[in-house]
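As structure tokens, the structure follows; a few thoughts come after it.
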Amino acid sequence: MRTRAQVNRHRWAILGVAVFVVLLALVLKSAYYQLILTQVLLWAVLSLAWNLLSGYSGYFSFGHAAFWGLGAYTVALGMIDLNLTPWVAIPFCAIVGAVAAAVIGFPTFRLRGHYFALAMLAYPLATLYVFQWLGYQELTLPMKRESAAAYMQFSDPRIYVLLALGLLVATLLISLTVENSRFGMALTAIKQNEPAAEAAGINTWRWKMLALMLSGAVAATAGGLYAVVQFVVTPESVFGMLVSAQALILALFGGVGSLWGPLIGAAVLVPLAEGLNAELGDKLPGIQGVVYGIAIILIILLAPEGVYWRVLDRLSRRKPASPVAPREAPAPVPIAPRPRAATASDILVLRGVGISFGGLRALDGVDLAVPKGGLYGIIGPNGAGKTTLFNVINGFLSPDSGTIEFAGAPLMGLRPNQVCRRGIGRTFQVVRAFPRMTVLENVIVGAYVGAANDAAAERMALAALDRVRLSDRGNAIAGGLTTRELRLMELARALVPHPRLMLLDETLAGLGHDDLDGILGVIRQLRDDGITVLIIEHTMQAMVQLVDHFSVLDHGRLIAAGKPEAVVRDRSVIEAYLGKKWVEQVRVAAK
Amino acid sequence: MPFSSVDFLQALSAGILVGSTYALMCVGLGIIFGSMRVINFAQGDFLMVGMYAAFYLTTGFGILTFLGPNAGPIVAALLAGPIVFALGWVLHRFVVARVTGADVAQIEGAGAYGQIIVTLGLSLILQNGGLIVFGSTPTGIRTPLSRSSWEIGDILLNQGRCVSFVVAVASAAAVYLFLGHTRLGKGLRAAADNSQAAIYMGIDVDRAHRIAWSLGVGITAVAGGLVATAQSFQPYVGFDFVIVMYAGVVLGGLGSILGAFWGGLVIGIVQQMSTLVLPYQLQNTAIFVVFLLIIFLRPQGMFGRASERT
């Protein structure tokens, strides 16, 4: 997130671009150059639309031609069949695009990674064949000589430049707003680590959907204006692979996930391609595509992050960034210590929970009652089903059988972000950080659940960092932290929405002796603040010192439960289920 | 029913014959995706290069005319494999390897963008380079076989397609045996399964990827050579097959070679059977619909495994 001053600087830059384009339009004499200028602007809008979804959230779309094409056909068919002026039809395209995006997104967001990208590829191409079949091979917009302006038909091509420029400025402003809001932050979190975002209480599905709908609306609007400018619409020219490819190539060239990348890409590549086509197109018919291909391969080999990021890195290296003074952490917000219930009422109750993967019974009729307040430990060897248990509790997996109740209400069928909202925080065995965000931003993501506004979110995040004693590292990039700091940061992120129950997944694993003591102190502090802690580990040593209640999980079944001393002494249980080695460990731990 | 049982059997047999060449190209793509996890947009364009290679070996330069009009095109299709293999080797060595491979896979985000854009770039270069070199006029490899048919009952079986079927199935079987039973093939599979672990086992993963990539495009080129005897083509033809290939590979389960083969076969059958109920122009739309259905209902495909670990 940027400061207000930085956002304002970008606003001025947008204004600067607008003025420059207007001047350019006045200077350029030939209608042909004006047309190229219009195309640069329109393709930049499409690429920005692509960037809104794919650049920020990391969900690559190979199918933005679907929206572009629907926009173009909305305008063309509206004019031909309904005598509808583009002045009305183009704004209407935004609705068409958003609705199409919702229809596409609803099923497609069940997929991730390669599968999402491939599925998106299919939509425009399937639509292309349908439009061919419907007989819309080539639509020409009817000429309206009497009321040309009313139908957006101008003899002066500069007016098209201005229309496209208006659309571009609007899109840039939308992107800037998204970038610097909770919306953009949520998308960035999704891009860097979706499960962590979901577990931190972000409704990932909703944000992805909003991004796609916004993106579809913008792309369809640009497609509508493209139809007016081009005058002729064919299925290949608006639904074709080249449209989808262009959207992402321009952004990749300029810099993915940046405000200016798509515009830079369009400004360089579109005139280059057009110019080559005009100069050499008759002798070498495909020269435009060849040079295009070579250009993007070169850029990826030489500056894979895109022109914008490369230049930015160069500049910031030459002029070392002024060290950001660590922001003062406010006095920690005291958490009202929840009175420990006199009767050991149970906050989390699992009854007969089971789940299978293929033939493997990962959890087999687990009954577990975690009393409110206190530290509850579960140990078990690798593969015992510990992480699966947590995934079932916090909603990543839904169990095949059994029930789960939290504070008296069933948890079954809730998505992870809803579970988080109910008051269950969790950490991961392999720390799921957002590696390119600062520590503070990582924690702020967790704060969105409970915070009324962004300022409150930051306040809560600072307080949480203070609780885990990590305030001094708030401005460090998460990618460069030590294991101990990462664990603490994740703890803070889970802590910030004030959970009533914390699930800690092997938080102690891989820590040295000195680090261990610090983290144990933090965990004990959580219990003393009234948070129930459920922790899983596969090493017994630290656990015996730490927890109040203790269970042993093996092969998906709970095989012992009780006070740690009691369980530990139950040699037969441990020997039978965990092997002799464990008995040794217990003896060492008991000393 | 709007069609007779003869129509049905006719479409089914045509689907199996066409599907066998699809199956072979899917195997090619499946090897690449399975071992490198790269979405190769240029796969269809390597197919196109294979078609032209076979074309020039027979009709164009007439090198293989001594083999006669029946055997010539088959040999040409098989020779298209090594030619495109060599092309793939060079492109991997100088371009693709720079953005793929074991160390790049670790880089989060940036690596994936690089691969996509590089294969897109290759696709643009091959397509449009093909336009410059080969021209835009559609062409084809004429064989007497593709104009004659065997009659079995009421069903006509195109002889050219039957021969292609045999060659395609034999080639796919050869590849399958190679991957399963040779030292090199096992190394490729190990590198595909877990490139990190394979490095520790002393397998040169970059070399394994280069072989997988070249082999993948080469096999697809053989399929292209076979298809070239049955239909006309131009430099942009590759695109029609990209979707066929991805649909087949996804249907079979990303990463499974055997799955890719069956997936491709099923896609061929779906495409031909769809003509029974849908207008001819919509047969590719039928493939898309099947493709989407697979992705939603069973994304791990027929032979794939679903695995995710938190």
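The values are calculated or read from the model by the stated rules, or taken from the named source; none is laboratory data. All figures in this text were calculated on a predicted structure; none of them were measured in a lab. Here Cβ is always computed from backbone atoms with ideal geometry, including for glycine, and neighbour counts include all displayed protein chains. Just so you know, the surface numbers come from the protein's heavy atoms only, side chains and all, with ligands and any DNA or RNA stripped out. Shrake-Rupley method; radii C 1.70, N 1.55, O 1.52, S 1.80 Å.
Miscellaneous remarks
- Approximating the spin labels as points 7 Å out from Cα along Cα→Cβ, the A:Trp205-to-A:Arg351 distance works out to 2.7 nm.
- Ordering of A:492-499, A:458-465, A:85-92 by packing [mean C-beta count within 10 Å, highest first]: A:492-499, A:458-465, A:85-92
- Shielding score for A:299-308, defined as the mean number of other chain Cβ atoms within 10 Å: 4
- Cα-based Lys proximity count in the protein assembly as shown, under 30 Å, for pairs eight or more positions apart or on separate chains: 17
- Cα gyration tensor shape of the protein assembly as shown, rounded if a/c is under 1.5, else prolate or oblate by comparing a/b with b/c: oblate
- A protection proxy built from the mean count of other Cβ atoms within 10 Å ranks the segments A:303-310, A:282-289, A:58-65, most packed first, as A:58-65, A:303-310, A:282-289.
- Carbon and sulfur %, accessible surface of the range A:346-590 computed with the full protein complex present, 1.4 Å: 49
- Per residue of A:109-115, other chain Cβ atoms within 10 Å of the residue Cβ number 4 on average.
- Simple label model, 7 Å out from Cα along Cβ direction - A:His555 to B:Leu67, nm: 6.0
- Using the Cβ-Cβ distance between A:Trp87 and A:Trp133 with R0 = 22 Å, the FRET efficiency computed as 1/(1 + (r/R0)^6) comes to roughly 0.10.
- Where chymotrypsin sites (Phe, Trp or Tyr not before Pro) in DSSP loops with at most 13 other Cβ within 10 Å are excluded, longest remaining stretch of chain B: B:62-310
- Rough spin-label spacing in nm, given labels placed 7 Å along Cα→Cβ, for A:His513 and A:Ala102: 6.2
- In the range A:4-240, the portion of solvent-accessible area held by carbon and sulfur atoms comes to 68 percent [1.4 Å probe, whole percent, DNA, RNA and ligands not counted].
- Only Cα pairs under 8 Å and 6+ residues apart enter the sum, and on that basis the relative contact order of the range A:4-240 stands at 42 percent.
- Summed over both chains, the accessible area lost when A and B associate is about 4300 Å², using a 1.4 Å probe.
- For the set B:Val169, A:Val445, the ranking by accessible area, highest first and with no ligand, DNA or RNA atoms included, is B:Val169, A:Val445 under a 1.4 Å probe.
- In this Cβ point-charge picture (+1 for Lys and Arg, -1 for Asp and Glu), chain B has a dipole of about 460 debye about its Cα centre.
- Taking only the C-alpha atoms of the range A:1-91, Rg followed by Dmax gives 17.1, 50 Å.
- The residues of the protein assembly as shown expose on average 41 square angstrom of accessible surface per residue, using a 1.4 Å probe on protein heavy atoms.
- Per-selection metrics, the range A:346-590 (Cα): Rg and Dmax in Å: 17.7, 55
- Rel. contact order, % - alpha carbon contacts under 8 angstrom, at least six apart, chain A: 16
- A:Leu82 contributes about 130 Å² of solvent-accessible surface, heavy atoms of the protein only, 1.4 Å probe.
- Rounded to whole Hz, the Karplus (6.51, -1.76, 1.60) HN-Hα couplings of the range A:481-489, x for glycine and proline: 7, 7, 4, 4, 5, 4, 4, 5, 4
- Inter-centroid distance (Cα atoms) of the range B:219-262 relative to the range A:110-129, Å: 18
- Between the C-alpha center of the range B:1-61 and that of the range A:2-49 there is a gap of 45 Å.
- When the Cα positions of B:Val18, B:Phe66, B:Ser123 are compared along the charge dipole of chain B, B:Phe66 comes out farthest toward the positive end, with charges on each C-beta of Lys, Arg, Asp and Glu.
- Per-residue average of Cβ from other chains inside 10 Å of A:278-288: 3
- Rel. contact order, % - alpha carbon contacts under 8 angstrom, at least six apart, chain B: 37
- Computed from point charges on the beta carbon alone (+1 for Lys and Arg, -1 for Asp and Glu), the dipole magnitude for the protein assembly as shown about its Cα centre is near 1460 Debye.
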